[in-house]
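The values are calculated or read from the model by the stated rules, or taken from the named source; none is laboratory data. Since this is a predicted model, take the numbers as computed values, not measurements. Heads up, the Cβs are rebuilt from the backbone with ideal geometry, glycines too, and the neighbour counts pull from every protein chain shown. Just the protein is used for accessible areas: all its heavy atoms, side chains included, with ligands, DNA and RNA removed. Shrake-Rupley method; radii C 1.70, N 1.55, O 1.52, S 1.80 Å.
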Amino acid sequence: MKTIADLGDLRGKRVLVRSDLNVPLDGTTITDDGRIRASAPTIKMLSQMGARVIVCAHLGRPKGAPDAKYSLAPVAQRLAVVLETPVAFAEDTVGESARAAVESLPDGGVLLLENLRFNAGETAKTDADRAEFAGELASLADVFVSDGFGVVHREQASVYDVAKLLPHATGGLVEAEVNVLRRLTTDAERPYAVVLGGAKVSDKLGVIGNLLGSADRLLIGGGMVFTFLAAQGHEVGKSLLEADQIDTVKGYLERAEKEGVEIVLPVDIVAADSFSAEADHQVVAATSIPSESMGLDIGPASSTLFDQKLSDCRTVFWNGPMGAFEMAPFAEGTRALAQTLADITSKGALTVVGGGDSAAAVRQLGFDDSQFGHISTGGGASLEYLEGRSLPGLTVLDDEGDD
Ligand code: ADP
Ligand code: MG
């Protein structure tokens with residue numbers, strides 16, 4: 001993998017940087033700027049090298065056409081604050097505004113293009129459909145730096161196709177993320193535990209098959225729990241359940257037993273009447289969730305159990321909140337787990353937190369990034385890496401062989 005240093009003298013060169021600036025927004029207010037702060041060092045470094053820095057990124061899921069709700073304008077403002085330097089903003093991605101802004105960019109200047117996904121070509125399924133947009137993006141710049149770790153598992157124009165059209169390098173953030181994940185997949189210090197939670201259950205079940213061959217313990221929380229409990233024959237009421245995954249989960253439970261991997265499930269659950277912060281709620285045994293209620297957090301006994309199972313671990317990867325943490329009554333499980341990870345980090349364990357909502361959760365609950373070994377900016381990307389899949393946005397950078 002080539003790094004920025006391998007690109008030579010960049011003074012006056014137009015450098016297109018793909019960053020991941022997909023931050024959570026409440027209206028136009030950024031509720032967690034972690035991805036902006038994580039992206040800033042690469043942009044700053046290029047600017048200090050005298051490059052003309054053209055940053056491109058996506059926000060949310062607009063449908064391939066401009067949509068004011070998903071404008072990156074608030075992100076440009078915050079990026080300027082974080083970088084402590086002015087950031088120009090183009091009102092389109094590859095149109096007249098973008099071209100004019102690139103034209104007037106001074107050496108060391110920074111420009112953010114409007115949301116990549118305002119263009120249907122960005123996420124189009126076929127190479128041919130992405131090619132035109134990738135070509136337009138490439139025509140804005142002399143070199144490409146791939147630094148959006150959160151999107152390297154996507155075969156998209158600004159991640160994959162553009163790297164084939166320009167001399168390219170891996171940015172510092174992608175490099176750092178890959179280095180940490182490589183430690184987890186090659187020489188993780190043991191005991192090594194993985195904690196999975198969150199709501200994207202079917203996305204995340206896939207990783208379990210691979211983890212059964214590498215982790216010593218697997219702790220399950222969040223919305224995942226209920227498919228596991230159902231697989232063991234328990235009632236889960238109105239909780240999040242992926243009924244079509246029950247057989248897969250049964251298979252995992254059997255395999256885990258055979259391979260000596262300990263699967264740790266919650267023993268109690270905070271069950272609520274409805275998905276609301278005002279809902280009546282109570283702690284119940286995980287094996288007796290009332291049919292009329294839904295589990296929205298792991299209970300206190302589960303948090304204690306998880307703390308015990310993690311306290312001697314030397315390596316922990318965590319993806320997915322333990323409950324619907326956005327609502328105060330269901331945030332305790334996530335808070336307790338974050339505290340456990342912070343505690344073992346201070347005892348020298350390597351802890352990695354992955355996933356957009358998980359990273360936002362720990363910050364929202366008052367933890368500092370420095371209390372964990374690494375907070376990954378990529379949820380899906382880090383999971384696919386741990387699954388052992390090859391990530392298109394990384395392999396495309398590794399093309400020395402066919403140059
Ligand atoms: P990440 O972004 O960290 O990968 P996900 O996107 O998979 O995590 O899931 C995050 C969401 O999961 C949060 O919005 C949280 O409210 C939700 N969640 C966690 N536990 C539950 C649960 N038991 N029922 C419903 N939603 C849950
Ligand atoms: Mg998420």
Inset, instruction - Sketch the reach of a paramagnetic label on Thr28 as a point 7 Å from Cα along Cα-to-Cβ, and name the residues of the stretch 67-105 whose backbone nitrogen lies under 13 Å away. - result: 68-78
Legend entry - the stretch 136-247 - accessible surface per residue (Å², probe 1.4 Å): 34
Legend entry - Charge context of Ser71, other residues only, Cβ under 10 angstrom, K/R +1, D/E -1: -2
Legend entry - Listed peptides 251-262, 232-243, 15-26 by packing density, highest first (mean Cβ within 10 Å): 15-26, 232-243, 251-262
Inset, instruction - Taking only Cα atoms and a 10 Å spring cutoff, compute GNM fluctuations for the chain and point out the largest among Asp33, Asp247, Asp268. - result: Asp247
Inset, instruction - State in Å² the accessible area per residue of the stretch 256-320; use a 1.4 Å probe, count heavy atoms of protein chains only, and round to the nearest integer. - result: 45
Inset, instruction - Using only the alpha-carbon atoms of the chain, report the extent along each of the three principal axes, biggest first, to the nearest angstrom. - result: 65, 45, 42
Inset, instruction - Divide by every residue of the chain the summed helix terms, -39500 (n - 2.57) for each DSSP H run of at least 4, and state the resulting mean residue ellipticity at 222 nm, rounded to the nearest 500 deg cm²/dmol. - result: -10500 deg cm²/dmol
Legend entry - Listed peptides 173-180, 3-10 by packing density, highest first (mean Cβ within 10 Å): 173-180, 3-10
Inset, instruction - In vacuum, with every alpha carbon of the stretch 1-158 counted as one equal point scatterer, what does the Debye formula give for log10 I(q)/I(0) at q = 0.15 Å⁻¹? Two decimals, please. - result: -0.74
Legend entry - Distance between modelled label sites at Asp273 and Arg37, nm, 7 Å Cα→Cβ extension: 3.9
Inset, instruction - Compute the signed sum of charges (Lys and Arg +1, Asp and Glu -1) over the other residues within less than 14 Å, Cβ to Cβ, of Thr315. - result: +3
Inset, instruction - Among DSSP beta bridges lying fully in the chain, give the percent that are antiparallel, nearest 5. - result: 20
Legend entry - Accessible surface of the stretch 170-209, 1.4 Å probe, proportion on carbon and sulfur as whole %: 46
Legend entry - Full-extension gain in nm, Ser214 to Asp312, via 0.36 nm per residue minus C-alpha separation: 33.6 nm
Inset, instruction - Go ahead and run the numbers for FRET between Ala100 and Asp398, Cβ-Cβ distance against an R0 of 41 Å, rounding to 0.05. - result: 0.70
Inset, instruction - Could I have the simple spin-label model distance between Asp9 and Asp280, label points 7 Å from Cα toward Cβ, reported in nm to one decimal? - result: 7.6
Inset, instruction - Would you mind checking Lys125/Lys204; Lys204/Lys258; Lys44/Lys204; Lys258/Lys309 for any pair whose Cα atoms are more than 30 angstrom apart? - result: Lys44/Lys204
Inset, instruction - Would you please report the Å³ per residue occupied by the convex hull of the alpha carbon atoms in the stretch 255-363? - result: 112
Inset, instruction - Determine the sum of side-chain charges near Leu240: Lys and Arg each +1, Asp and Glu each -1, restricted to other residues whose C-beta is under 15 angstrom from that of Leu240. - result: -4
Inset, instruction - For Glu259 and Asp127, calculate 0.36 nm times their separation in residues minus their Cα-Cα distance, and state this gained length in nm to one decimal. - result: 43.4 nm
Inset, instruction - Give me the number: length gained by fully extending Glu189 to Asp244, i.e. 0.36 nm times residue separation minus the C-alpha to C-alpha distance, one decimal in nm. - result: 16.3 nm
